[in-house]
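The structure under discussion appears below in the form of structure tokens.
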Amino acid sequence: MKPNSREKTPCEICGEPIFFAVTRTNELQALDAEPAPVKGSVAAYRGVRRWLARSLLAADAAQHPPHPLEERFTPHGQTCRGRISAQPVIPGLVVESTIHRLPQPRGGSRALPAAEPQPQNVIPFRRRRT
Ligand SMILES: [Zn+2]
């Protein structure tokens with residue numbers, strides 16, 4: 001089931017068609033008007049006069065699989081192209097997921113990656129003798 005033309009409204013930021021559903025906590029949530037049967041994280045169905053939504057990521061969602069009358073949708077906050085990042089970029093901060101990881105050695109020490117050539121002005125660190 002899809003929201004009809006009266007239920008759909010363009011997003012004020014990006015203009016994509018969205019519709020609003022009432023969550024379990026009685027708040028309005030903007031959802032993409034086009035269903036997302038595979039990746040949608042919200043299950044919604046048309047109630048008497050409004051769409052009702054619940055999260056499929058909630059702790060108890062596994063005990064309540066989607067009903068045949070429920071359709072999966074994506075929260076518009078995930079897909080809105082005009083959204084503003086909640087966290088401004090911090091200069092100098094490197095996000096861990098963007099750090100290039102060296103391949104892990106398999107087995108013995110022969111598999112270790114070759115040491116990068118050191119610049120001439122760098123003194124290699126040596127462990128102090130005890
Ligand atoms: Zn939008």
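A few notes on this one:
- Among residues of region 65-94, those that are in a loop (DSSP other than H, G, I, E, B), of a type in the set (Gly, Ala, Ser) and either more than 16 Å from the ligand (Cβ to nearest atom) or surrounded by 10 or more Cβ atoms within 10 Å (Cβ to Cβ) (or both), counted: 2
- Test result for Ala58, closer than 19 Å to Lys8 by Cβ and of a type in the set (A, V, I, L, M): no
- For region 12-64, a residue qualifies if it is more than 17 Å from Lys2 (Cβ to Cβ), more than 16 Å from the ligand (Cβ to nearest atom) and either in contact with a strand residue (DSSP E or B) (Cβ under 9 Å, 6 or more places away or on another chain) or assigned to a strand (DSSP E or B) (or both), and the qualifying residues are Val22, Thr23, Arg24, Ser41, Arg54, Ser55, Leu56, Leu57, Ala61, His64.
Values in this text are rule-based calculations from the coordinates and carry no lab data. On a predicted model such as this, the values are computed, not experimentally measured, just so you know. All Cβ positions, glycine included, derive from the backbone under ideal geometry; neighbour counts span all protein chains shown.
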